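The values are calculated or read from the model by the stated rules, or taken from the named source; none is laboratory data. In this text the structure is predicted, and so the values were computed from the model without any measurement. As a convention, Cβ positions derive from the backbone with ideal geometry for all residues, glycine included, and neighbour counts pool all protein chains shown. Remember, those area values only see protein heavy atoms, side chains included, never the ligands or the DNA or RNA. Shrake-Rupley method; radii C 1.70, N 1.55, O 1.52, S 1.80 Å.
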Amino acid sequence: MSKQLIVIGGGAAGFFCAINAARMDRSLNVIIIEKSSKLLSKVKVSGGGRCNVTHACFDIAEMSKRYPRGHHFVKKAFHQFFTTDTIKWFEERGVKLKTENDGRMFPVTDSSQTVINCLVQEANKLGVEIIMNREVKNLSMVNGQWAIKLSDSRLLSADFVCVASGGYPKSSMFDWLKELGHTIEEPVPSLFTFNLPNHPITKLMGVSVEKTKVKIQNSKLEEVGPLLITHWGLSGPAVLRLSAWGATELKIKNYELRININWLPDHNEEIVRKKFQELRNISASQKVINKNSFGLPSRLWEFLAEQSGIKNEWRWADLPAAFQHKFIKNLCSYECEVKGKTTFKEEFVTAGGIKLNEIDANTMMSKKIANLFFAGEVLDVDGITGGFNFQHAWTSGWVAAKAIAKNSVNNNK
Ligand SMILES: Cc1cc2nc3c(=O)[nH]c(=O)nc-3n(C[C@H](O)[C@H](O)[C@H](O)COP(=O)(O)OP(=O)(O)OC[C@H]3O[C@@H](n4cnc5c(N)ncnc54)[C@H](O)[C@@H]3O)c2cc1C
């Protein structure tokens, strides 16, 4: 008698688990149950419609450092299925990936539809059944078989279940999984931008600085990276990474914090002071506002000068010491107040989910209940922006598939 696997969730992790399990054990019946009317909807919108499939990082230890939650867990799993395997897997099925300067990898078509077509075709080819518009309401074990109750009251049975239901924003949405005896790490948003309501810096919307250091006061959190000024506040990789690493801490602070921005992180304050002295000597007759020798965007230089009280007509020779001091402070440690957050639409994830100490990273199987597997964002794993979240979905989906196929074959013997 052939065994049956039911995968809950038709997203990246669910599809990857279903396809690979069906491929590894051709006698396995595989069904994906998706509550909505759309399959792979996050893949579709991801990476601005291009799908940032993975990240060009080929060192497991390095790669796992990009996961604020779950880095030890993913590190173990990456030994079984890593970025190199993702690239190969998709390429073997006609989806060639390319790498951008920042390491993000996209299909060469620049269209997420290519990834969707590949996954759906593969599922069809392997005979994976897909049930849509049905939500799994409850899971229970009856005489060694899983009983899966759907929203239309239908009852399905299975030998193996893989929960790939994605992240939920509210703890109560995990109730059906808590009923199984699993514990949840409280969900909190990750990957968001900072709001600076009515702050004058927002006049500079669109200005970006290639390298800054952003530090959160009264916290260990700091990040070096590009910063983008928006009409509502601050965005860009430095802020997004802070939001990921600080997801829990910033929620506790109710997203009200003071930050310091170093616009010149490659120079310490002492070097900047020396450079100012040089400018006073060499450019004595030039206007301070015009002589931006640090390569900052000129609108930002003018803004920081203005914030330091420097008048447009002041020349380097007559720059008063107190104003110079204030300007250097603003260049090396500009302080502003953050009040609130805005979801980063390009890629947002929920931190939190099924506690990792209850899952075996080598199989993705529950340590509490046999033949119950988990994959993707439902687990308490999340990465920073750049393709890390999808890599976790592919890896955990594949690892679960392998363990399910192995258990299924052993059971058939
Ligand atoms: C706008 C956006 C852009 C993103 N861009 C990127 C990117 O470029 N690169 C990257 O690495 N990450 C990106 N991410 C994050 C990435 O999309 C997710 O981490 C990834 O999709 C998680 O996959 P998953 O299969 O675990 O969950 P999901 O994709 O959320 O899929 C879970 C599925 O399960 C279904 N489901 C839930 N509960 C039930 C139930 N009880 N019964 C039946 N079905 C159920 C849901 O409807 C859903 O379809 C982005 C996220 C967003 C929101």
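Brief remarks follow.
- Restricting attention to segment 71-104, the residues being at pLDDT below 95 and touching a Leu at 6+ places or on another chain (Cβ under 7 Å) number 0.
- Among the candidates Val161, Val120, Val128, residue that is over 22 Å from the mean Cα position of the chain (by Cα), within 12 Å of the ligand (Cβ to nearest atom), at negative phi and buried (at least 16 other Cβ atoms within 10 Å of the Cβ): Val161
- Across segment 252-272, the number of residues qualifying as modelled with pLDDT of 95 or more and surrounded by fewer than 16 Cβ atoms within 10 Å (Cβ to Cβ) comes to 5.
- Scan of segment 36-65 for residues that are out of contact with any strand residue (DSSP E or B) (no Cβ under 7 Å at 6 or more places or on another chain) and among the basic types (Lys, Arg), ordered by number: Lys38, Lys42, Lys44, Lys65
- Selected residue (only one of Lys215, Lys253 is closer than 28 Å to Val381 by Cα and in contact (Cβ under 8 Å) with a residue 40 or more places away in the chain): Lys215
- Complete set of residues in segment 25-34 that are open to solvent by 10 Å² or more (accessible area, probe 1.4 Å) and within 7 Å of the ligand (Cβ to nearest atom): Glu34
- Condition met for Ala370 (free of Cβ contacts under 8 Å to residues at least 24 places away in the same chain and either open to solvent by less than 10 Å² (accessible area, probe 1.4 Å) or aliphatic (A, V, I, L, M) (or both)): yes
Yes/no matrix, rows are residues, columns are (1) in contact (Cβ under 8 Å) with a residue 40 or more places away in the chain; (2) open to solvent by less than 60 Å² (accessible area, probe 1.4 Å):
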| position | (1), (2) |
| --- | --- |
| Asp152 | no, no |
| Ser165 | yes, yes |
| Tyr168 | yes, yes |
| Met173 | no, no |
| Glu186 | yes, no |
| Asn195 | yes, yes |
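- Residue check for Glu185: among the charged types (D, E, K, R), touching a helix residue (DSSP H, G or I) at 6+ places or on another chain (Cβ under 6 Å) and within 27 Å of Lys65 (Cβ to Cβ): no
- Considering residues of segment 381-402 that are open to solvent by 20 Å² or more (accessible area, probe 1.4 Å) and within 21 Å of the chain's Cα centre (by Cα) only, the residue farthest from the ligand (Cβ to nearest atom): Trp398
- Residue match in segment 322-329 (condition: open to solvent by 30 Å² or more (accessible area, probe 1.4 Å), of a type in the set (Phe, Trp, Tyr) and within 16 Å of the ligand (Cβ to nearest atom)): no
- Subset of segment 35-60 [aliphatic (A, V, I, L, M) and open to solvent by less than 10 Å² (accessible area, probe 1.4 Å)]: Leu40, Val43, Val53
- Filtering segment 275-289 to residues that are surrounded by 13 or more Cβ atoms within 10 Å (Cβ to Cβ) and either in a strand (DSSP E or B) or of a type outside the set (Lys, Arg) (or both) leaves Phe276, Leu279, Ser283, Gln286, Lys287, Val288, Ile289.
- None of Ser37, Ser46 is in a helix (DSSP H, G or I), small (Gly, Ala, Ser) and within 13 Å of the ligand (Cβ to nearest atom) except Ser46.
- Meets criteria (more than 15 Å from Ile19 (Cβ to Cβ), within 16 Å of the ligand (Cβ to nearest atom), assigned to a helix (DSSP H, G or I) and open to solvent by less than 50 Å² (accessible area, probe 1.4 Å)) for Val74: yes
- Residue list for segment 7-24, filter: surrounded by 21 or more Cβ atoms within 10 Å (Cβ to Cβ) and more than 10 Å from the ligand (Cβ to nearest atom): Ala18, Ile19, Asn20, Ala21, Ala22
- Across segment 332-351, the qualifying residues are those that are within 13 Å of the ligand (Cβ to nearest atom) and not charged (D, E, K, R), and the one among them that is surrounded by the fewest Cβ atoms within 10 Å (Cβ to Cβ) is Thr343.
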